[in-house]
Amino acid sequence: MTRRFMAVCAGVVASMALAGCSGKPTSTGTPSPVTTPSGSSASHTLPYAGAPDVSNPLPASVVAGDPCTDALTPAQVKEALGVEVTGQPGTAPGLGRKCDWANPDTTAVVTVFFITETHQGLSDLYANTKPQAKVWNVLPDIQGYPAVAYLSADGGDPKRTCGVSVGLANDVAIDVELALSRAKIGTVDPCSVAPKAADAVVTTLRQKAGA
């Protein structure tokens, strides 16, 4: 499991606890230690590993703040979860800041990560997550920004969880993780819903940038 998705999954598990979910995540074994791919990021010209070029980048300042206040408006949270809830801030070591929103009644969860510390944008995901991913769907651009829906090899139940990563610049990305409500598990593909949440985040960040 990559460092990136380990952090994403940890955010979802924590949010599930906040939502009152009693189920415990299963494990397929101890995750392997994270290693730096041969050739550090400094030796790469972005983008690399097959990641697409971001032709209309947003400034890095759009993800410099707190995702709990900058990523989604209260109205967007309500649209995604069916209820207005306060986001729970946190950090993902080596990645950046995150925020979890959880519906305590349905156990649906949305988590937004501002991926600012890798300085590799989508290239990090293509290089380190794609080779082992059990779900990997290149999406149509979200408002002109390249995006991927994915689930790592050890990333949880594909019937409930999906992550969408959007490249806002060649060196900046956001991850939007969705966990379906209990009622939708098995009836709705989470990777068909997660892009809508990602689109909402891009809308908010573009407005912040004046784009």
**Report entry** Extreme residue, farthest from Gly156 (Cα to Cα), among residues of segment 81-102 that are more than 12 Å from the chain's Cα centre (by Cα) and surrounded by 22 or more Cβ atoms within 10 Å (Cβ to Cβ)
**Finding:** Gly87
Report summary line: Only unsatisfied item for Thr69, checking (1) farther than 24 Å from Asp157 by Cα; (2) modelled with pLDDT under 90; (3) in contact with a Cys (Cβ under 9 Å, 6 or more places away or on another chain), is (2)
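Every residue, every condition in (1) touching a Pro at 6+ places or on another chain (Cβ under 8 Å); (2) in a helix (DSSP H, G or I), yes or no:
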| position | (1), (2) |
| --- | --- |
| Pro47 | no, no |
| Gly50 | no, no |
| Asn56 | no, no |
| Ala75 | no, yes |
| Arg97 | yes, no |
| Phe113 | yes, no |
| Asp124 | no, yes |
| Trp136 | no, no |
Query raised in the report: Checking Val164 against (1) under 22 Å from Gly50 (Cα atoms); (2) touching a Lys or Arg at 6+ places or on another chain (Cβ under 7 Å), which test does it fail?
Result: (2)
Query - The listed residue being outside any strand (DSSP E or B), touching a helix residue (DSSP H, G or I) at 6+ places or on another chain (Cβ under 6 Å), on the phi < 0 side of the Ramachandran plot and of a type in the set (A, V, I, L, M), out of Leu178, Leu205 - result: Leu205
Query raised in the report: Do you know which residues across segment 133-149 are touching a residue at least 40 places away in the same chain (Cβ under 8 Å) and on the phi < 0 side of the Ramachandran plot?
Result: Val135, Asn137, Leu139, Ile142, Tyr145, Pro146, Ala147, Ala149
Query raised in the report: So which residues in segment 62-73 are closer than 15 Å to Asp100 by Cβ, aliphatic (A, V, I, L, M) and not in a loop (DSSP other than H, G, I, E, B), if there are any at all?
Result: none
Report summary line: All conditions in (1) in contact with a Ser or Thr (Cβ under 8 Å, 6 or more places away or on another chain); (2) over 15 Å from Asp70 (Cβ atoms); (3) of a type outside the set (Ser, Thr, Tyr) are true of Val172 except (2)
Query raised in the report: Do you know which of the residues in segment 152-211 that are in contact (Cβ under 8 Å) with a residue 12 or more places away in the chain, farther than 22 Å from Leu122 by Cα and hydrophobic (A, V, I, L, M, F, W, C) is surrounded by the fewest Cβ atoms within 10 Å (Cβ to Cβ)?
Result: Ala183
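The values are calculated or read from the model by the stated rules, or taken from the named source; none is laboratory data. Small disclaimer: the values here were computed from a predicted structure and weren't measured. As a convention, Cβ positions derive from the backbone with ideal geometry for all residues, glycine included, and neighbour counts pool all protein chains shown.
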